[in-house]
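Here the structure comes first, spelled out in structure tokens, and everything after it is commentary.
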Amino acid sequence: MKKFSSVPSSQQGVALIVVLLFLILITLAGAIAVKNSTTDLKLATSEQADTLMLNTADNTNKSIEQVINIDQTDSKAVVQKSIALSSAGMFGYFMNLGAEDNRGDQIVFCYRPRDAYFFQMNEATVIDPSGGSKLVTGASNSGGFCRVSNVSDFSNARNNVMTQVAVTRPSSDMIASEPFEYVPTQRTITTSNVTSTSPNFRVFSTSFLPGMTQASEKEILECLKKPNQNAADYGYAEKDKDGNDVTKYYDQTLTQCLASKGIPAKTLVEDVKLDNLLTSEKCLDYGKGSSSNKISAACQKLLNISASGAPK
């Protein structure tokens, strides 16, 4: 006689429940792993974006510094420096005789490192402390504000980051300093010589990623026109319901506005001093009494004289 064995139905049910529990645990573990991976990816992307904006803003400030601290043998760099220090330059604008009235103005321009030049006033905007524009130039009157639709306005070849720069010379009441603190040694102070002091400037470099938002170009442009700091101190003209001119004040800074639109942005603020370095040139060795002792070539060029000292 054959014998048959069978498993009770209650044990089969227990085994099924155990298997289902294991399946549920495996599914939960997989879901948690995917969620953690997604979070890590977002954190990594945020960190990369922050690093990109910081480096771009810092490189912008370094480029501004290099415009002044140039190699005198580089003819193109000499031209760029002369433009920056001229009356139509980012620094020279604030150094003209009688230029006290423009203290607090901001020269705004879009940083375009891929262009052949660093700065041109005809592609900038001059904004006064009241929020009004003294100068608006550039293509389609875009002025110095970066435009998402302009490929050349991006700071790199990947076209993912832009940098807008604002240069200002703070008014004297905004800078705490000692008397004659910014006057170089061995220099006489004169009202006709704008280089008799070492002026201070404040540079704002704001880098942002327009591709990481759904905001329109118009919305981004509205943010870029806002003040860089102390928004409530800056006013702008507007018409009331009766058509009368009224002054209103901003409620956001540039970076706060970009943040409200979900646009990643970072602003570096630097206070810089334009030093006038004094150098000496030995033109002639006095007391030697030699007829062959001639004025050095450097002094001949500087004073526009011949080797014997005669005017050219």
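Just wondering, is there one or more residues in region 232-255 that are in a helix (DSSP H, G or I), modelled with pLDDT of 80 or more and closer than 16 Å to T125 by Cβ?
Looking for residues that are in a helix (DSSP H, G or I), modelled with pLDDT of 80 or more and closer than 16 Å to T125 by Cβ, one finds at least one in region 232-255, hence yes.
For region 106-126, give me each residue that is surrounded by 19 or more Cβ atoms within 10 Å (Cβ to Cβ) and touching a residue at least 40 places away in the same chain (Cβ under 8 Å).
Listed by number, the residues that qualify are Q106, I107, V108, F109, C110, Y111, R112, F118, F119.
Within region 125-164, take every residue that is within 29 Å of V246 (Cα to Cα) and assigned to a helix (DSSP H, G or I) and give me the one that is modelled with the lowest pLDDT.
Among those residues, the one meeting the criterion is S140.
In region 53-69, which residues are under 19 Å from P199 (Cα atoms), of a type in the set (A, V, I, L, M) and surrounded by 17 or more Cβ atoms within 10 Å (Cβ to Cβ)?
Once the filter is applied, which keeps residues that are under 19 Å from P199 (Cα atoms), of a type in the set (A, V, I, L, M) and surrounded by 17 or more Cβ atoms within 10 Å (Cβ to Cβ), region 53-69 yields I64, V67.
Step by step: first the residues of region 113-124, then only those that are of a type outside the set (S, T, N, Q) and within 29 Å of A237 (Cα to Cα), then the one that is modelled with the highest pLDDT. Which residue is that?
The extreme case among them is A124.
The values are calculated or read from the model by the stated rules, or taken from the named source; none is laboratory data. Keep in mind it's a predicted model, so treat the numbers as computed, not measured. Counting neighbours? That spans all protein chains shown, and the Cβs are built from the backbone with ideal geometry, glycine included.
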